[in-house]
Amino acid sequence: PPLFFFYCYGDHLDIHYFPTRRSSDPKADLTFKKIFGNHPARLISLLNALLPLSDEEQIQEIKYLPTELVPQLEGGKNTIVDVLCTDARGRKFCVEMQMEWSDAFQQRVLFNASKLYVSQAKKGGKYSELQPVYSLNLINDIFAHDTPDFIHNYRIVHDKDSNKVIEGLHFTFIELPKFTPHSIADKRMMVLWLRFLTEINSNTKEVPADLLNDPEIGKAVEELEISGFTDAELWAYDKFWDSVSVERTLIDDSYQKGKVEGMSQQSLEIARKMLAKGMDGATVMDITGLSAEQIQLLKAEM
C-alpha cells in the first residue's frame with residue numbers, strides 16, 4: 001500500500017505521499033551519501049572516472065574519513081562535506097554534490113581542501129611528506145556561461161607557463177546540466193556515472209540496460225528504490241527538496257527585487273526564512289554557509 005507521512009511544526013501540518021515503488025534522485029543530499037558514503041568500490045569507480053587521474057594515479061583502495069572537518073586551532077570554523085576518504089598513498093578525496101552554484105560554495109570548497117591539506121602536517125614532520133588533496137564537486141547548475149565545457153579542472157600553475165605546477169591541491173567542478181553523452185564518448189565510465197547522475201530521478205520508470213550492466217552502477221540504482229528507505233530517510237529526502245525549492249525561490253526573489261546587500265546579509269535572511277519554515281539547523285548551515293553559532297543566534301531572535 002502507499003505510504004503517507006505526516007510532519008507537524010507549529011500550527012502547520014505537512015502530509016507527504018509516497019508510492020510504494022518509487023525511485024529517488026541520486027542528486028539529493030541523503031541519497032547521494034547513501035549511495036557513495038559507505039561503498040568503497042562504488043566510490044573508487046566514481047573517483048577514477050571523473051577525476052583527471054593518469055593510469056599510474058588510479059585509486060586502488062580507500063578508507064572513509066569523518067565528514068566533519070574540525071579546525072586545528074580553537075575558535076576555527078567546523079565544516080561538513082558529503083563524502084571524504086583517503087587512499088593507500090595518503091591522498092585525500094573530498095566529494096560534494098551541490099544543487100545551486102554560488103561564490104560562497106566555491107570559497108567553501110577552497111577552504112575545505114586547504115584544511116585537508118594542512119591537517120596532514122604533524123609536529124616534526126616534513127613538508128615533502130604531504131599528500132595531494134582532490135576536491136570533486138558535482139554541480140546541478142550552470143555557472144560557466146561563456147563556454148560549452150562542463151568539466152573544469154584546476155591546479156596551482158604558473159601564470160605564464162601552465163606546465164609549471166605547484167602540486168598539492170586539485171579541484172574538479174562538473175556542471176551536470178551541460179553534460180551530453182556524445183561529448184565524451186571515449187571515456188566509458190565517466191559517461192556512465194554522469195548519465196546515472198543526470199538521467200535518473202524520481203520520475204524514472206525504467207533504467208537503461210547499459211547502466212544496470214555495470215556492477216557498481218547497478219547496485220547504486222538498487223539503492224535508489226524508495227521502498228528501501230526508512231520513514232526518517234523519506235522525511236529527510238522530502239525536506240531536502242523543500243529546502244532546494246525554498247532556496248531557489250528566495251534567490252530569485254532577491255535578484256528580482258534588487259535587495260541583496262551582500263552575501264553575508266543574504267545568507268542571514270535566507271536562514272531566517274528557512275528556520276521559520278521549520279527546517280533543521282544542519283540543513284540551513286549547509287545551504288547558507290553560516291556557522292552553528294550564527295544559527296543559534298538567529299533561533300534566539302525568533
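Of note:
- Selection status of residue 172, among the β-branched types (Val, Ile, Thr) and open to solvent by 30 Å² or more (accessible area, probe 1.4 Å): no
- For residue 119: the one exception among (1) open to solvent by 30 Å² or more (accessible area, probe 1.4 Å); (2) among the polar types (S, T, N, Q); (3) within 20 Å of residue 64 (Cβ to Cβ); (4) modelled with pLDDT of 90 or more: (4)
- Verdict on residue 242 being open to solvent by less than 60 Å² (accessible area, probe 1.4 Å), modelled with pLDDT under 95, more than 23 Å from residue 84 (Cα to Cα) and outside any loop (DSSP other than H, G, I, E, B): yes
- Tally, over the stretch 249-279, of residues that are surrounded by 14 or more Cβ atoms within 10 Å (Cβ to Cβ), modelled with pLDDT of 60 or more and under 22 Å from residue 108 (Cβ atoms): 11
- For the stretch 45-56, the candidate set comprises residues that are surrounded by 14 or more Cβ atoms within 10 Å (Cβ to Cβ) and farther than 17 Å from residue 26 by Cβ; within that set, the residue that is nearest to the chain's Cα centre (by Cα) is 51.
- Residues that are under 16 Å from residue 168 (Cα atoms) and buried (at least 17 other Cβ atoms within 10 Å of the Cβ), drawn from the stretch 86-95: 86, 87, 91, 92, 93, 94
- Consider the stretch 123-140 and keep the residues that are modelled with pLDDT under 95 and not polar (S, T, N, Q). The one that is farthest from residue 109 (Cα to Cα) is 124.
- Residues (touching a Lys or Arg at 6+ places or on another chain (Cβ under 9 Å), surrounded by 14 or more Cβ atoms within 10 Å (Cβ to Cβ) and either at positive phi or part of a helix (DSSP H, G or I) (or both)) located in the stretch 195-212: 197, 198, 211
- Elements of type strands (runs of 3 or more DSSP E) in the stretch 81-179, at least 1 residues being touching a strand residue (DSSP E or B) at 6+ places or on another chain (Cβ under 7 Å) and farther than 27 Å from residue 196 by Cβ: 151-157, 165-175
The values are calculated or read from the model by the stated rules, or taken from the named source; none is laboratory data. This is a predicted model, so every value here is computed, not measured. Every residue, glycine among them, receives a Cβ derived from its backbone with ideal geometry; neighbour counts consider all protein chains shown. Remember, those area values only see protein heavy atoms, side chains included, never the ligands or the DNA or RNA. Shrake-Rupley method; radii C 1.70, N 1.55, O 1.52, S 1.80 Å.
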